[in-house]
Structures are given as structure tokens and as C-alpha cells.
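K.L.:
Please read through the structure below; I'll follow up with questions.
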Amino acid sequence: QVQLVESGGGLVQPGGSLRLACAASGSIFSIYRMGWYRQAPGKQRELVAAITSGGGTNYADSVKGRFAISRDNAKNTVYLQMNSLKPEDTAVYYCKFSTVPREYWGQGTQVTVSS
């Protein structure tokens, strides 16, 4: 059974940095896309960043230039480096792995940006 386990969330002051990680346990194959999503209270879940198996990336406009997504294919792990964090980045962050024929979601990790 495949599970995605996220780590790295927490409380940080505005302007600070955090690095999230999401690792898959169990047998998982043909991950063609890994992504990070977030959901703030009262808002819909939104895509933050994604990376394909070929290394192509895309970012939400609100995080461009501040966040960087990367992946370690050998470890089935995806990372999200978050710099210059703002209060509006506060949310639960979820990772998602897309394979054929299904998708897998992590349980979420809380990121709070506050002074």
C-alpha cells in the first residue's frame, strides 16, 4: 500500500524559509508528475508547484521567484523550498503524486507564517 508522508511544516516568521519534503512508502511506479498544493481556511485547494518526470516545472504566480520544487526520483521524494514567506502563504500543504492509473495524496502539513 502506497502512502505519501510529508514533513517540514511549522511556524515561521514573515521573510523566513521552510523546506517541505514528501516521500512515498510502498511500491509506486511511473510517477509522471509530483505536485504541491495548499488549502487555506475558507478557500479552495490550489496548485502551488509541480514537476514532471522530465524536470519541467510550473508555479502559481503568487509563489514564483520565492518557491522552488525539486524531486529525487531514486527516493520517490519531492521537495518544496519556500523562501521569503508571507502571512498569506499560511495553509495546509499537500503533496500529490500522479501515476497511471491513479493519484496519491499526502495527509497534509501545516505551514503558518506569523510574527
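The values are calculated or read from the model by the stated rules, or taken from the named source; none is laboratory data. Treat the numbers as computed from the prediction; the structure is a model and nothing was measured. Glycine gets a Cβ as well: all are built from the backbone with ideal geometry, and neighbour counts include every protein chain shown. What goes into the accessible areas is simple: the full protein's heavy atoms, side chains included, and nothing from ligands, DNA or RNA. Shrake-Rupley method; radii C 1.70, N 1.55, O 1.52, S 1.80 Å.
K.L.:
Would you mind working out the accessible area per residue for the chain, using a 1.4 Å probe, and quoting it in Å²? Please list the in-between numbers first.
P.N.:
On the way: 6060 Å² over 115 residues.
Per-residue accessible area for the chain comes out at 53 Å².
K.L.:
Okay, next question. Once the other residues with Cβ under 12 Å from the Cβ of LEU47 are scored (Lys, Arg +1; Asp, Glu -1), what is the net sum? Walk me through the numbers before you get to the answer.
P.N.:
Values: positive: ARG33, ARG38, ARG45, LYS96; negative: GLU46, ASP61.
Value of the local net charge: +2.
K.L.:
Here's something else I'd like to know. Zone of SER70 (label point 7 Å along Cα→Cβ, backbone N under 13 Å): which residues in the range 1-45?
P.N.:
Flagged as within label range: 19-21.
K.L.:
Right, another one. Straight-line reach only, C-alpha to C-alpha below 21 angstrom: list the lysines that LYS96 could link to, leaving out same-chain residues fewer than 8 apart.
P.N.:
Answer for LYS96, where 21 Å is the Cα cut-off: LYS43, LYS64, LYS75, listed by chain and number.
K.L.:
Report for the chain the percent antiparallel among DSSP-assigned beta bridges with both residues inside it, nearest 5. Intermediate results must be reported in sequence, preceding the final value.
P.N.:
Details: 40 of 44 bridges.
Just about 90 percent of them are antiparallel.
K.L.:
So what is the relative contact order of the chain, in percent, for Cα pairs below 8 Å that sit 6 or more residues apart?
P.N.:
Values: 276 pairs, mean separation 42.1, N = 115.
With pairs under 8 Å counted, the relative contact order is 37 percent.
K.L.:
Calculate the FRET efficiency for VAL100 and GLN39 from the Cβ-Cβ distance with a Förster distance of 35 Å, rounded to the nearest 0.05. Don't skip to the answer; put the middle values down first.
P.N.:
Details: r = 26 Å, r/R0 = 0.74.
Calculated transfer efficiency: 0.85.
K.L.:
Return the carbon/sulfur percentage of the accessible area of the range 1-112, one whole number, probe 1.4 Å, all protein chains in place. Numbers along the way, then the final one.
P.N.:
Numbers: 2800 of 5860 Å².
Within the range 1-112, the accessible surface is 48 percent carbon and sulfur.
K.L.:
Could you tell me which of THR99, TRP36, THR52 has its Cα farthest along the dipole of the range 33-115 towards the positive end, charges placed at Cβ (Lys, Arg +1; Asp, Glu -1), taken about the Cα centre?
P.N.:
Projecting each Cα onto the dipole axis, the largest value belongs to THR99.
K.L.:
What is the dipole size for the chain, taken about its Cα centre, with +1 at each Lys and Arg Cβ and -1 at each Asp and Glu Cβ, in debye to the nearest 20? Let's see the in-between values first.
P.N.:
Details: 12 positive and 7 negative charges, 19 e Å.
Magnitude of the dipole: close to 100 debye.
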